[in-house]
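Reading through the structure tokens given below for one structure.
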Amino acid sequence: MFSKACEYGIRATIFIAAESLKNNRVGQKEIAEEIDSPVAFTAKILQKLVHRNIVSSAKGVGGGFSIDKNRLKDIRLVEIVEAIDGDSIFRGCGLGLSDCSEDHPCPVHDKFKSIRGELTIMLEDTTLEELALGIKSGSTFLRY
């Protein structure tokens with residue numbers, strides 16, 4: 001469903017949020033290691049997240065990436081997905097066909113439409129705070 005970049009973006013943002021709850025900034029190497037992503041690829045993803053004001057970055061000693069704790073309850077998963085993958089997941093064909101539409105549906109069009117609707121609701125309703133709290137409490141994880 002999501003591109004690899006988007007998967008890494010979501011995981012990176014959740015990790016940064018969990019660390020921000022502990023008042024920690026994290027460097028891109030630490031983030032890449034935690035989400036099992038190449039450092040250069042992670043850097044490009046983080047750049048998009050900073051550009052969209054989802055994540056903050058600070059250079060120098062004590063620098064790194066963080067998210068204001070007060071914003072965690074306001075940032076929705078949909079914002080991260082749109083920052084990395086745009087809105088194609090909300091509009092695109094389930095089989096990736098460019099000509100799929102209501103008038104000219106692909107074989108999975110109607111089934112995918114309902115799944116896409118449920119996915120949209122989940123992404124719009126899920127906050128970064130709830131995901132970060134799951135990591136912080138140990139009830140959820142980002143890697144084995």
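The values are calculated or read from the model by the stated rules, or taken from the named source; none is laboratory data. Here the structure is a predicted model, which is why all the values come from computation and not from measurement. No Cβ is skipped: glycine too gets one built from the backbone with ideal geometry, and neighbour counts run over all protein chains shown. When the accessible area is computed, the model is the full protein with side chains, heavy atoms only, and any ligands, DNA or RNA have been set aside. Shrake-Rupley method; radii C 1.70, N 1.55, O 1.52, S 1.80 Å.
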* To do: Of all residues in the stretch 15-40, count the ones that are more than 15 Å from ARG143 (Cβ to Cβ), open to solvent by less than 70 Å² (accessible area, probe 1.4 Å), in contact with a helix residue (DSSP H, G or I) (Cβ under 8 Å, 6 or more places away or on another chain) and not β-branched (Val, Ile, Thr).
  => 3
* Matching residues, the stretch 42-63, being polar (S, T, N, Q), out of contact with any helix residue (DSSP H, G or I) (no Cβ under 6 Å at 6 or more places or on another chain) and touching a residue at least 12 places away in the same chain (Cβ under 8 Å) -> SER56
* Asked: In the stretch 83-102, which residue that is free of Cβ contacts under 8 Å to residues at least 24 places away in the same chain and in a helix (DSSP H, G or I) is most open to solvent (accessible area, probe 1.4 Å)?
  -> ARG91
* Structure fact -> With the first residue restricted to the stretch 30-41 and required to be over 17 Å from SER66 (Cβ atoms), and the second required to be loosely packed, with under 13 Cβ neighbours inside 10 Å, Cβ contacts under 6 Å at 6 or more apart or on different chains are ASP36/ARG143; VAL39/LYS29
* Structure fact -> Within the stretch 103-117, the count of residues that are within 28 Å of GLU79 (Cβ to Cβ) and surrounded by fewer than 10 Cβ atoms within 10 Å (Cβ to Cβ) comes to 1
